[in-house]
Amino acid sequence: MAKQEISPSVIRRLPRYYRFLGELSARGVVRISSKELSQQMGLTASQIRQDLNCFGGFGQQGYGYNVSALRSQIGQILGVNEARRAILIGLGNLGRAIASHVNYPDCGCELIGLFDSNPFVAGRDLNGMPIHHTETLAGFCHQEHPELAILCVPEQAAPALANQLAGLGVRAFWNFSHGDLRLNDPALLVENVHLADSLLTLTYGLGHDITGEPADNPLR
């Protein structure tokens, strides 16, 4: 099936399949049915089969899915073996955490450069990797050809920076700038990350029961 025919919602579920299958494999699970996988993931078995059928037939009737093989095939779809070259701009507290605690090789990326506009930060290093000043971005990109940029900069700085990087050949943006980054070129990929959205989902759940009615708070 052509790439453009795959639903974005299906694509967003692929990393979850990859993660769950990795956990199953680590526990020594060799095969699993769509029903068993659905129970663990909170999806329906039908949904899992439909999602995976978008990329070809992976299961066997009466056997289910080979966990290791299915994870490997989904990994190929996600491009985990591609080692896409990535740079990170903005080495504040959030940027340092994302630079230090994301397992980039497991996500198909290689973090090759760190940048910050603060002269007191540039020139230092983080985990043995030098932090460059953002003034050197153009030269670095011309030489190293990164495909992906991780933006941990203020919201107002993100659009101009992203457009500059797009002109330097960067095609994908993982945006932590606290605002939605929108670029005019439809060929550019943007993933806007809002950590507070997850927290607000929890606070909603604390205030509502499963019927959607406001939940009683015993502390009030």
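Where the Cα atoms of region 21-132 are projected onto their three principal axes, how long is each span, largest first, in whole Å?
Computed over the Cα atoms, the extents are 62, 24, 23 Å.
Within region 31-132, report the chymotrypsin sites (Phe, Trp or Tyr not before Pro) that DSSP leaves as loop and that have at most 10 other Cβ atoms within 10 Å.
Working: sites: Phe55, Phe58, Tyr63, Tyr65, Phe115, Phe120; in loops: Phe55, Phe58, Tyr63, Phe120.
Loop-located and lightly packed - Tyr63, Phe120.
Mean residue ellipticity at 222 nm from the helices of the chain, using -39,500 (n - 2.57) per DSSP H segment of n ≥ 4 over the full residue count, to the nearest 500 deg cm²/dmol? Let's see the in-between values first.
On the way: 8 runs with 88 residues, N = 220.
After summing the helix terms and dividing by the residues of the chain, the value is -12000 deg cm²/dmol.
Placing +1 at every Lys and Arg Cβ and -1 at every Asp and Glu Cβ, with all other atoms neutral, what dipole size does the chain have around its Cα centre, in debye to the nearest 20?
With Lys and Arg at +1 and Asp and Glu at -1, about 640 debye.
Spin-label point model (7 Å from Cα, Cβ direction): what's the Leu168 to Val30 distance in nm?
Result for the modelled spin labels: 5.1 nm.
For Arg16 and His101, compute 0.36 nm times the residue count separating them, minus their Cα-Cα distance, and round to one decimal in nm. It would help to have the intermediate numbers written out before the result.
On the way: separation 85, 0.36 × 85 = 30.60 nm, distance 1.88 nm.
Extra length from Arg16 to His101 when fully extended: 28.7 nm.
Pop the C-beta distance of Gln40 and Glu82 into the FRET formula with R0 = 25 Å and round what comes out to the nearest 0.05.
Numbers: r = 28 Å, r/R0 = 1.11.
The pair Gln40/Glu82 has a calculated efficiency of 0.35.
Checking a compactness column here: for the chain, what do you get for Rg(Cα) / (2.2 N^0.38 Å), N being the number of residues?
So the chain has a normalised radius of gyration of 1.22.
Which of Leu94, Leu200, Leu70 ends up with the largest GNM mean-square fluctuation for the chain, with Cα atoms connected below 10 Å?
Leu200
Every read-out reported here was derived from the displayed coordinates using simple, explicitly stated rules and does not represent laboratory data. Just so it is clear, the model here is predicted, and its values are computed rather than measured. Quick reminder, even Gly has a Cβ in these numbers, built from the backbone with ideal geometry, and neighbours come from all protein chains shown.
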